[in-house]
Amino acid sequence: MRLATQSGLLAALVAALVLVGCAVQPKMSDKTAVYVDAWTKRNNPEVYVEPMKAPPVPVSALIVPFQVTQDIPYAQDLGEQLTRVVWQTWTRDRVFPKLLYEANLKTASTPQAVALARKMGIDVVVVGKITYVMSGGTRGDTGVSFTFDVIDARSGERLWSMAHSGMMETGLTEDYIIFSKKNRMPPEPVSAVTATLAMDMGGPITNWNYGYKAPPPAGPNPAPPAPAPAGS
């Protein structure tokens, strides 16, 4: 009788342990979401015109609102907003030691901007066109393309002409066994893409303006020694 009781208690204990083990098993469906900041996909800027040599001293610049070429009702305001992003980026990176932004010249022509810069004693003028804008907000893809010219205010000569474009994609959620990876968009994707493009395009101008020169190319390898004459 005592043996049967002990066997029953042992069976009950084993069953309880099995139930406890099932209760603490982790749920594989509860995944941790890992967020990765979205980045701007782009190639190198297209450089159509560039000066042959650096200026004797760094030049100052005046930038006016870029013209939006797309047929949208708020084109002038959008051009002013995105040009302000370019101005802020170049001011941060010190592309020009003095960079003024005339936000009120939304409809100024290139000759008018050049004349104003000459009157203000500014060396060059930056004028541009925003050729493409696609705003997807934080849930869709965003793209920006723009071009600009840097013009000598004294001679009217075009010193620089560049174009650039970039895309920021929301991307798909990538599911793994224990976590999922998602892209995290910035609060203002259009401004973020524009700032990245401005940073790329400002680099060559900064190097030119401050006289940075690339190291000379390496010399050719020396010729191999002539073979020794036979019998020596």
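We did not get these values from a lab; they are worked out from the coordinates using the rules stated. Since this is a predicted model, take the numbers as computed values, not measurements.
Quick look at the values:
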| read-out | value |
| --- | --- |
| For region 74-124: rounded, prolate or oblate by the Cα gyration tensor [a/c cutoff 1.5] | oblate |
| Whole-Å semi-axes of the ellipsoid equivalent to region 39-121 (Cα gyration tensor, √5λ, descending) | 23, 19, 13 |
